[in-house]
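Structure record follows, encoded as structure tokens.
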Amino acid sequence: MQQIMSEPPTTITTKDLAYLKDALSWELTAFKKCQHFAQECTSPQISQAIDIAGQMHLRHYQRLLNQVDPKSALRNTNQTNQILQ
């Protein structure tokens with residue numbers, strides 16, 4: 001049985017970094033697509049559901065970024081808030 005880490009490792013491999021970059025890209029892309037389609041949708045209920053999904057992807061993006069670089073995550077949160085306005 002594989003053990004679950006309680007904390008992320010202090011160093012990561014090149015392969016881990018590549019995966020994290022991909023995961024960050026996927027989450028940000030999913031957020032942007034949700035934001036776009038929520039604005040395009042004519043049904044308020046569907047638009048709200050898509051927006052909720054987009055917010056989930058944004059939270060995942062911020063959580064991943066915080067694991068990689070907490071200082072960068074704080075700056076990026078402020079930039080993300082500007083994007084949302």
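Taking residues in the stretch 36-58 that are closer than 21 Å to D22 by Cα, and partners anywhere that are exposed (fewer than 12 other Cβ atoms within 10 Å of the Cβ) and of a type outside the set (D, E), not one pair has Cβ atoms closer than 8 Å while being at least 6 places apart or on different chains. The single residue among Q39, Q45, Q85 that is loosely packed, with under 12 Cβ neighbours inside 10 Å, more than 29 Å from P8 (Cα to Cα) and modelled with pLDDT under 80 turns out to be Q85.
If you go through the stretch 7-36 and pick out every residue that is surrounded by 12 or more Cβ atoms within 10 Å (Cβ to Cβ) and over 14 Å from Q67 (Cα atoms), you end up with 11.
The values are calculated or read from the model by the stated rules, or taken from the named source; none is laboratory data. Just so we're clear, the structure is a prediction, and the values are computed from it rather than from any experiment. All Cβ positions, glycine included, derive from the backbone under ideal geometry; neighbour counts span all protein chains shown.
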